[in-house]
Structure formats: C-alpha cells, structure tokens
Amino acid sequence: MEFRAEMRYLRVSPQKARLVLDLIKGRRVEDARNTLMFTKKRVAAPVGKLLQSALDNANFLASEKGIDVDIDNLYVKRAVANDGPRMKRIRPAPQGRAYRYQRRIAHIELVLAERGKNGEVATVVGENAAPAPAKARRRAPVAKKAAAKGKKKAAAK
C-alpha cells in the first residue's frame, strides 16, 4: 500500500529541493525525519511537514479502511520535485536597461510504502491487486518485409 502527500507552489527552486529529497529517498520514515531535522537547508522544514502529512495520511487510511499498517516499516519510496510556473521579474540595469530573471517554483510529491519484515517491499495480493501488464507483441523484422517486397516486384515483371 502506498501513501502519498503533495505540496504545490513552494517558493524554492526544484534543483535546491532535489538536494534535500535525495537525502531521504529510500530511508525509513524515522530516519528521514531525523535527517530533515538536522539538515541546514531552508527547504528541509517544508519537506518535513510534507513527510508528516504523508505519515498522517497513512494513519488515517489505516484507521478508515481497516488496513493493518505498521508505521515502523514505512519508508520513502519516491520523492520528486517538479517545476511549477515561473514568475518573471525585471531588475534594473545600467543605462536605463532592464535585466529579466525568473523566480522558480516547485511542486513536491512524496510517496511512502511499507516494507516487509525481512526488508522486501510488501505487495498487495488479492482482489485489489492489478494484473501485470502484458508485453506488446513485436512485429515482423524488417528483413522479412524487404524479402516480401522483392518477391512482389519480381512477380510484377
């Protein structure tokens, strides 16, 4: 089971947010919280709130749907910082000119999942499990097509 939280329109560049998110990817929730607490980046505080929100979502869904979720086995499965809209700004420049610059905005998504007792990733089995997607069938190789075209041309002559 996956539990997610999303923070949109955060006034930090996605590149700076990714530096902090890379620190917590794949870690247990408790380790990630400790890491964020002692990280000296401004974006660490909002990411900590987002992690707490995802944890609260896990608690809520566990109580609401009656799913047995062990909070100690949760880990950060995915942490992504995407671009948001950019704010275009103008800075005064010498001789009456203007320099344009952009203030970047990030959308951050955090996904928590549950690990099994031996460290393997837990999977959902039963009615709610989605079937594995079937591989697309490959078409005939190009060499066979070329041979077929050659036969047609020979027959036409």
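Each value in this text was obtained by applying a stated rule to the coordinates, not by laboratory testing. Every value quoted in this text rests on a predicted model; they were computed, and no experiment measured them. Every residue, glycine among them, receives a Cβ derived from its backbone with ideal geometry; neighbour counts consider all protein chains shown.
Cβ neighbours within 10 Å, averaged per peptide: list 22-31, 87-96 in order, most packed at the top.
Details: 22-31: 15.8, 87-96: 8.3.
Ranking, from highest mean packing down: 22-31, 87-96.
Arranged by the count of other C-beta atoms within 10 angstrom, fewest first, what order do Lys49, Lys65, Lys16 take?
Ordered by Cβ neighbours within 10 Å, fewest first: Lys65, Lys49, Lys16.
If you keep only loop residues by DSSP, which chymotrypsin sites (Phe, Trp or Tyr not before Pro) in region 35-98 have at most 13 other Cβ atoms within 10 Å of their Cβ?
Details: sites: Phe38, Phe60, Tyr75; in loops: Phe38.
Listed in order of number, the matching sites are Phe38.
Eigenvalues of the Cα gyration tensor times 5, then square-rooted: what semi-axes does that give for region 2-124, in whole angstrom, largest first? Could you put the intermediate results ahead of the total?
Values: eigenvalues 270, 39, 23 Å².
The answer is 37, 14, 11 Å, longest axis first.
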